[in-house]
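Take a look at the structure below.
The values are calculated or read from the model by the stated rules, or taken from the named source; none is laboratory data. Predicted, not measured: the structure shown is a model, and the values here were computed from it. Cβ atoms come from the backbone with ideal geometry, glycine included; neighbour counts cover every protein chain shown.
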Amino acid sequence: MIEETGSIRAAASKMKVSYRRAWLLLQDIERIFGGKVLERHTGGKAGGGAALNQRGRDIVKHFAPPKSAPRAPSKQSWTRSSTEDRQLKIS
């Protein structure tokens, strides 16, 4: 989410958690994975922001759910499969 929004605060807001909660989660992630996961830029004329560093991108890539989840079989295919199974067992 930080990669999309460019800031910890905006990502926290989008996820409906407090900034403090997001900050504490980031600290836990960095402790668990043994290093920084973000490049942080303090405010100023251009404003602040945050972006994932390579470690952060690797973690997201490894743990993110697939973009398209497998679809559940339709009722029709389930019925057909069940009928075929019964026919195979009877024969």
Q: Of the conditions (1) modelled with pLDDT of 85 or more; (2) over 14 Å from the mean Cα position of the chain (by Cα); (3) of a type outside the set (A, V, I, L, M), residue 78 clears all except one; give me its number.
A: (1)
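Would you check which residues across segment 36-45 are farther than 16 Å from residue 63 by Cβ and either touching a Ser or Thr at 6+ places or on another chain (Cβ under 8 Å) or modelled with pLDDT of 90 or more (or both) and list them?
Of everything in segment 36-45, those that are farther than 16 Å from residue 63 by Cβ and either touching a Ser or Thr at 6+ places or on another chain (Cβ under 8 Å) or modelled with pLDDT of 90 or more (or both) turn out to be 36, 39.
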Q: Keeping to segment 13-43, report how many residues are loosely packed, with under 12 Cβ neighbours inside 10 Å and of a type in the set (A, V, I, L, M, F, W, C).
A: 1
Q) Which condition number does residue 40 fail, the rest of (1) under 13 Å from residue 1 (Cα atoms); (2) touching a strand residue (DSSP E or B) at 6+ places or on another chain (Cβ under 6 Å); (3) charged (D, E, K, R) being met? A) (1)
